[in-house]
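Chemist: I am attaching a structure below and will ask some questions about it afterwards.
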Amino acid sequence: MPDFEERQSLLGDENEGSFTGRQTARGPDRPMPAICDPSHLLHRVVVLLFMCFLGFGSYFCYDNPAALQTQVIQDLNLNTAKFMQLYAWYSWPNVILCFFGGFLLDRVFGIRLGTIIFSLFVCVGQVIFATGALVNRFWLMELGRFVFGIGGESLAVAQNTYAVNWFKGKELNLVFGLQLSMARLGSTVNMNIMGWVYSRVEDLVGSGHTALGISLMIAAVTCLFSLVCALVLAFLDKRAERILHKEEGKTGEVIKLTDVKDFPFPLWLIFIICVGYYVAIFPFIGLGQVFFIEKFNFSPAEARAVNSIVYIISAPASPVLGFMVDKTGRNVVWVITAVVATLAAHMMLAFTFWNPWIAMSLLGVSYSLLACALWPMVAFVVPEHQLGTAYGFMQSIQNLGLALIAMAAGAILDTRGYLVLEVFFCACICIALIAVVMLYFVDYLRGGDLNQSAAARAKLQKEATSDAE
């Protein structure tokens, strides 16, 4: 979840036995080496390395279809609507699992076993996906994406839970920034390397579904690597629990579906913004490669590069923009800015022949800005005991929207072409823009704090703390 850290308790109290406490298991004559001491920074840096790579395989393989859009469509003789089913099948299980992923990690599997299980789902799903291409069975590829989706989103929750359990305070903010950067790195590397991998395999076995299947199987190695990271993390976490006498980490999510009826109107507007915005981002990236080849006469390598710029920019920009939003407040204004900038980027792509690097760079910055400003607003409009349900519902309808729009986008492209598809994406962004403008006025009329400055929020929080004492 994009701002999972905003609603977690930071485990930094030594009296509670945090991993960041100073407890050690050193004997009187045998001091433990720093790299082996769970309470030492050096050991936690090693753990952080495995945390960052835990989700690398999932993010790398998620956009395999986008990186190989031309090859998938040609080798399997698909239309675009069928191609986009590969993204829809990833989203379908997460319409439900977003509500129960945290519950499964907390109450059923535990964080260590749960992480391994979800990593296995990702790994097995990618192997099934690759096998489907290898034997030219599209239904098997769809099944693989479904299984892959079961593990992907819940693995991100597990990754965040590990981070909260091992780090605290300012360290935690840095850790989440590094994890996000590693996720974007996985997406970027996929976009720019899978075409090259396919061409090398094609030189050996010839073109066709066999080359596609082998290429996707090679990509599965990244998922296997992430599974190894999950196993190592489980060992290190269990060892730290034994040495520091610490309980196993939990997500802290509390999901009550009955809370939905109590959601305030501003929260529903936030949901609309979320769906309207993201359905114009991820499906576009999924179909972007051929768009840049056809409209701008780019080579496949150039098309892959410009299509990946959104992820490249968001890696360093997200922590910087997040810091800016934290320091200034005014979340609604920043969301309006991001939505307007995204609309401008899509209109440039649709109606001009300007260099697409300009529009895609603008899209990358605005995408990062919206994530930093939108998701934290949920915590401002619902009480703490409803946060788990609110975020779960937000992810659920986001995945529902992505699944439906992915299929719709494929059908539009097959029948109407890229211009009409871009107009459709502009319409989705306009819906988000209307919702965020409504949110601005609703919040203003209700005297809410969604658009307050950071200083005003800090003052209110200080007064609330004083009253509580």
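Coordinate-derived values only; no laboratory data. Computed from a predicted model, the values in this text were never measured in an experiment. Counting neighbours? That spans all protein chains shown, and the Cβs are built from the backbone with ideal geometry, glycine included.
Chemist: Round to the nearest 0.05 the FRET efficiency obtained for Lys462 and Phe235 when R0 = 56 Å and r is the Cβ-Cβ distance.
Modeler: Values: r = 43 Å, r/R0 = 0.77.
Here the calculated transfer efficiency is 0.85.
Chemist: Separate question: If I take the Cα coordinates of the chain and project them onto the principal axes, what are the three extents in Å, biggest first?
Modeler: Each principal axis gives a Cα extent; for the chain these are 67, 59, 39 Å.
Chemist: Also: Helix-derived [θ] at 222 nm for the chain: sum -39500 (n - 2.57) over DSSP H runs of at least 4, divide by residue count, nearest 500? Mind dumping the intermediate values first?
Modeler: Working: 19 runs with 357 residues, N = 469.
That calculation yields -26000 deg cm²/dmol at 222 nm.
Chemist: How would you rank 416-429, 362-375, highest first, on the average number of other Cβ atoms within 10 Å across their residues? Display every interim value, and only then the final one.
Modeler: Working: 416-429: 18.0, 362-375: 23.6.
Final packing ranking: 362-375, 416-429.
Chemist: Work out the count of Lys pairs in the chain where the Cα-Cα distance is under 26 Å, with the pair 8 or more places apart or on different chains.
Modeler: Final tally of qualifying lysine pairs is 17.
Chemist: For a protection proxy built on the mean count of beta-carbon atoms within 10 angstrom, sort 261-271, 211-221 highest first, please.
Modeler: Numbers: 261-271: 17.2, 211-221: 21.6.
Those peptides, ordered most packed to least, come out 211-221, 261-271.
Chemist: Now a separate question. Would you mind computing the Rg to Rh ratio of the stretch 254-463 from its alpha-carbon coordinates, Kirkwood style for Rh? Could you put the intermediate results ahead of the total?
Modeler: Working: Rg = 18.1 Å, Rh = 18.0 Å.
Ratio of gyration radius to Kirkwood radius for the stretch 254-463: 1.00.
Chemist: If you take the charge dipole of the stretch 254-463 about its Cα centre, with +1 on Lys and Arg Cβ and -1 on Asp and Glu Cβ, which of Cys428, Ala315, Gly286 is farthest toward its positive end?
Modeler: Ala315
Chemist: Rank by packing, highest mean first: peptides 340-348, 65-73, with packing defined as the count of other Cβ atoms within 10 Å averaged across residues. Present the calculation step by step, with values, prior to reporting the outcome.
Modeler: On the way: 340-348: 20.2, 65-73: 23.3.
Order by mean packing, descending: 65-73, 340-348.
Chemist: Enumerate the helices in the chain for which the Kyte-Doolittle hydropathy averages 1.6 or more and the C-alpha atoms extend at least 18 Å along the helix's axis, using complete DSSP H runs.
Modeler: Numbers: long enough: 41-54 (19 Å, 2.42); 80-103 (36 Å, 0.68); 111-134 (34 Å, 1.88); 138-166 (42 Å, 0.55); 169-205 (52 Å, 0.39); 209-244 (52 Å, 1.48); 265-278 (20 Å, 1.99); 282-296 (20 Å, 1.18); 309-328 (27 Å, 1.18); 331-351 (30 Å, 1.89); 356-374 (26 Å, 1.63); 387-415 (42 Å, 1.06); 418-446 (42 Å, 2.11); 454-468 (21 Å, -0.65).
Both cut-offs are met by 41-54, 111-134, 265-278, 331-351, 356-374, 418-446.
Chemist: Tell me, how many Å apart are the Cα centres for the stretch 202-246 and for the stretch 381-450?
Modeler: What the calculation gives is 33 Å, centre to centre.
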